[in-house]
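**Student:** Here it is, the structure, as structure tokens.
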Amino acid sequence: MRSRRTRDVLLAYLMTVPAFAAFVIFVFYPLVKTVYLGFYRVAPFPGLPSHYVGFSQYSTVLSHSQFLAPLFNSTLFVLFTVPTGIAIGLGMAVAAHRQLRGIRLFRIVFSSTIATSVAVASVIFFTLLDPTTGLFAYWIGQRGGTGLLGNPTFALPAVAVVSVWQNLGFSFILMSAALASVPEDLLEAAAIDGASGGRRFFRVTMPLISPTLFFAAIVGVIAGFQTFGQIDLLTQGGPNGHTNVLLYQIYTTFYINADTGTASVMAVALFLILVLLTLVQFSIIQRKVFYADER
Amino acid sequence: MTPAAVRLESVTKRYASTLALSSLTLTAEPGEFLVLLGPSGCGKSTALRVIAGLERPTSGSVRIGDRIVDDVEPKDRDVAMVFQSYALYPHLSVRRNIEFPLRSRHIAASERDRRVTDAARSLQLEQLLDRKPAQLSGGQRQRVALARAIVREPKAFLMDEPLSNLDARLRVEMRAELIELHRRTGTTVLYVTHDQVEAMTMGDRIAILNEGVLQQVGTPKDVYGRPANVFVAGFIGSPPMNLFPGELVGEDGVTIGVRPEDFTLGGAAGPVKLAAQVSLVESLGHEHHVACRVAAPSLSSEPLVLVRLPASVSPPSLGEGVTLAASGPVFRFDSESGVNLELAGKTGAAAGDGSGFR
Ligand SMILES: Nc1ncnc2c1ncn2[C@@H]1O[C@H](COP(=O)(O)OP(=O)(O)OP(=O)(O)O)[C@@H](O)[C@H]1O
Ligand SMILES: [Mg+2]
């Protein structure tokens, strides 16, 4: 009896080993190593040894505009993409929620961007936005010049549009599932109770799908801060650093400038920012957001 | 709000393959407690949903008060509905749930508070106003659903099996409360149930539906004492009426119906006399149920007849041969159409005469 229990426990531990090993090798070790690299200042020329500077590199890098400007751009990018992505996805889900003839076609079209990748989306929009041959330039009747992606004011919003578009399929599917989970009888009760369509939506549907909205917000913020592909393919951080978001800055610092120390400091900062945001959002969820299983 | 009549006028509701309501014409008089009774799937909920405007009838129309509401949205029909599932808003407190219809109608805060307080008091919810529905028992949720309906002071209440999720004791309690509530508010009530005891005890009149077709409307006394057809006869009464082929008593082409309490063992003479053998005896304390197998050489199977005996009579023993004699009313139904032959000659047999409104 006893030996069997011991065997079970041993087996249980044994079975967690692969997952634990993967975690240590691919998550924990790189994280520690990154923090550690942040303590070493890299010499300006390759081949020279880097030397230990402790936390001083953290304070210099994090207060420098080479970190703060990309951080600002990333924040702006998240503010551009997350609320709009959720709102448009929800709007499409509401539109497609009705039982109409041919509605399935719309559902397929609305979800279709989930089958694209960042690269595909970027290529599509790069072509559309091309200042000389693009459809967009033709529409606004203005050929040549820098185009939207070369315009300091519009470059970041334009990249944001690409991101929103590319994530729309996911957002739509998520919101459709949430809408489907709202019990029909509650909406019927609200209708009989005299609630208009708007009141039913904002007082019944929205509170009931709020867990999904917050989930989408968390995932969206994290994805937004990790944006890289669109930037690399569309603007390479330009014009003049206006689309240089945090991850792209880390990338150029690390691979182009080979400044592992500075890049590591910024990577650690990004990690901490995301952890912090997630914690804040979870605490909001616990206090404010209604979970349907409380029913 | 003065209570209004609610009228369905030859309403038919067809879903893809099922006919949920078949040309249903039915009126709940102002202030009446009308029960819709029938087996599962007979279209009771559909009837209520059509009245509330949640379903559009395939044909026919609905009238509330003196207004035809076919093109009126649910929110403007001014009826309140209590759902079988209660449909409480899980994210709102009990107070907010009860207030919801008042806020929807932009009732002033002072008036709103007064009505919520009244409703909460009359349903003993005062202590629970700050709780969420998840923190309530089934009976309490049911009362919140009722409170949310009565604060409205609507033209009519639609109740879809509101007691079916409660345990037996609570159900009896709530039944009394509902009757009391109806007496106090005087509002028209359409009450759906498949429980005939509820129907008999609560309804001013009962409308019996089967497969979307109205079988009979009448007072509880009517439908019990003068069932329009075999279906009503078999559905009303517990245990149900014994129905057997007329051949057993020498009457061809009819189905004979005798209620279990209207049989005696042996003794008195009457039109119906059957030789039978006791096959089961159940003693319930206040009465005995005796199942007897009737000797029927002319039939392929021997029908089973249930007899209800008062506790004062000592029940027969198993296997004993007995003579069943009808001591009460004997019903005769056409074995083809099922119509009660006694009422068939008179007018309006199938739908009752509606005069039973008390
Ligand atoms: N939305 C729907 N789509 C298709 N068929 C439906 C729909 N709603 C109801 N029906 C069918 O219509 C018939 C009547 O349903 P209804 O819900 O009115 O029955 P009911 O008398 O309320 O039954 P119960 O006592 O089980 O609640 C049933 O056969 C049901 O399957
Ligand atoms: Mg029903």
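The values are calculated or read from the model by the stated rules, or taken from the named source; none is laboratory data. Computed from a predicted model, the values in this text were never measured in an experiment. Quick reminder, even Gly has a Cβ in these numbers, built from the backbone with ideal geometry, and neighbours come from all protein chains shown. Remember, those area values only see protein heavy atoms, side chains included, never the ligands or the DNA or RNA. Shrake-Rupley method; radii C 1.70, N 1.55, O 1.52, S 1.80 Å.
**Student:** Looking at this structure, is B:L299 over 30 Å from B:D204 (Cα atoms) and surrounded by fewer than 15 Cβ atoms within 10 Å (Cβ to Cβ)?
**Tutor:** Working: over 30 Å from B:D204 (Cα atoms): yes; surrounded by fewer than 15 Cβ atoms within 10 Å (Cβ to Cβ): yes.
Yes; evaluated as a whole, the condition is true for this residue.
**Student:** Go through the range A:14-99 and tell me which helices (runs of 4 or more DSSP H), entirely inside it, have 3 or more residues that are small (G, A, S). Don't jump to the end; show me each part of the working.
**Tutor:** On the way: elements: A:29-37, A:56-62, A:65-97.
Here the list reads A:65-97.
**Student:** Related question: Those residues that are away from ligand 1 (no atom under 16 Å from the Cβ) and at pLDDT 90 or above, I need them from the range B:155-174; list them, please.
**Tutor:** B:K155, B:A156, B:F157
**Student:** Something else: So which of A:I88, A:I108 ends up being of a type in the set (V, I, T) and over 19 Å from A:V161 (Cβ atoms)? Outline the logic, then answer.
**Tutor:** Numbers: A:I88 fails: over 19 Å from A:V161 (Cβ atoms).
Among A:I88, A:I108, only A:I108 is of a type in the set (V, I, T) and over 19 Å from A:V161 (Cβ atoms).
**Student:** Also, quick follow-up: Could you identify the single residue in B:L158, B:L102, B:L123, B:L136 that is in contact with a strand residue (DSSP E or B) (Cβ under 7 Å, 6 or more places away or on another chain), surrounded by 14 or more Cβ atoms within 10 Å (Cβ to Cβ) and aliphatic (A, V, I, L, M)?
**Tutor:** Working: B:L102 fails: in contact with a strand residue (DSSP E or B) (Cβ under 7 Å, 6 or more places away or on another chain); B:L123 fails: in contact with a strand residue (DSSP E or B) (Cβ under 7 Å, 6 or more places away or on another chain); B:L136 fails: in contact with a strand residue (DSSP E or B) (Cβ under 7 Å, 6 or more places away or on another chain).
Just one listed residue meets the conditions, B:L158.
**Student:** Let me ask something else about it. Identify all residues within the range B:11-26 that are within 6 Å of ligand 1 (Cβ to nearest atom) and more than 14 Å from chain A (Cβ to nearest Cβ); write none if there are none.
**Tutor:** Scanning the range B:11-26 gives B:T18, B:A20.
**Student:** Since B:R114 meets every condition but one in (1) more than 14 Å from chain A (Cβ to nearest Cβ); (2) more than 31 Å from the chain's Cα centre (by Cα); (3) open to solvent by less than 70 Å² (accessible area, probe 1.4 Å); (4) over 23 Å from B:L166 (Cβ atoms), which condition does it not meet?
**Tutor:** Single failed check for B:R114: (3).
**Student:** Right, next: Does the range A:173-192 hold any residues that are among the charged types (D, E, K, R) and either open to solvent by less than 10 Å² (accessible area, probe 1.4 Å) or more than 7 Å from every other protein chain (Cβ to nearest Cβ) (or both), and which are they?
**Tutor:** A:E184, the sole residue that qualifies.
**Student:** Against the condition more than 12 Å from chain A (Cβ to nearest Cβ), exposed (fewer than 15 other Cβ atoms within 10 Å of the Cβ) and out of contact with any His (no Cβ under 9 Å at 6 or more places or on another chain), how does B:A108 come out, does it pass? I'd like the intermediate steps shown before the answer.
**Tutor:** Working: more than 12 Å from chain A (Cβ to nearest Cβ): yes; exposed (fewer than 15 other Cβ atoms within 10 Å of the Cβ): yes; out of contact with any His (no Cβ under 9 Å at 6 or more places or on another chain): yes.
For B:A108, the condition - more than 12 Å from chain A (Cβ to nearest Cβ), exposed (fewer than 15 other Cβ atoms within 10 Å of the Cβ) and out of contact with any His (no Cβ under 9 Å at 6 or more places or on another chain) - is met.
**Student:** Considering the range A:193-244 alone, what residues qualify as being open to solvent by 20 Å² or more (accessible area, probe 1.4 Å), without any contact (Cβ under 8 Å) to a residue 60 or more places away in the chain and of a type in the set (A, V, I, L, M)?
**Tutor:** Result: A:M206, A:V219, A:I222, A:A223.
**Student:** For the range B:139-154, enumerate the residues that are away from every other protein chain (no Cβ under 13 Å), farther than 15 Å from B:H182 by Cα and open to solvent by 10 Å² or more (accessible area, probe 1.4 Å).
**Tutor:** Answer for the range B:139-154, where residues must be away from every other protein chain (no Cβ under 13 Å), farther than 15 Å from B:H182 by Cα and open to solvent by 10 Å² or more (accessible area, probe 1.4 Å): just B:Q140.
**Student:** Then there's this: Keeping to the range B:35-72, report how many residues are in contact with a strand residue (DSSP E or B) (Cβ under 7 Å, 6 or more places away or on another chain), among the aliphatic types (A, V, I, L, M) and away from ligand 2 (no atom under 16 Å from the Cβ).
**Tutor:** 4
**Student:** Determine which single condition B:A199 fails, assuming it passes every other condition in (1) open to solvent by 30 Å² or more (accessible area, probe 1.4 Å); (2) within 16 Å of ligand 1 (Cβ to nearest atom).
**Tutor:** Only one criterion in (1) open to solvent by 30 Å² or more (accessible area, probe 1.4 Å); (2) within 16 Å of ligand 1 (Cβ to nearest atom) is unmet by B:A199, namely (1).
**Student:** While we're here: Provide a single number: the residues in the range B:27-54 that are open to solvent by 10 Å² or more (accessible area, probe 1.4 Å), more than 10 Å from ligand 1 (Cβ to nearest atom), away from every other protein chain (no Cβ under 14 Å) and not polar (S, T, N, Q).
**Tutor:** 3
**Student:** Another question about this same structure. Cβ-Cβ distance below 7 Å, separation of 6 or more or different chains: which pairs start in the range B:64-77 with a residue that is more than 13 Å from chain A (Cβ to nearest Cβ) and end on one that is assigned to a loop (DSSP other than H, G, I, E, B) and open to solvent by less than 30 Å² (accessible area, probe 1.4 Å)?
**Tutor:** Hits for this filter: B:G65/B:A4; B:G65/B:A5.
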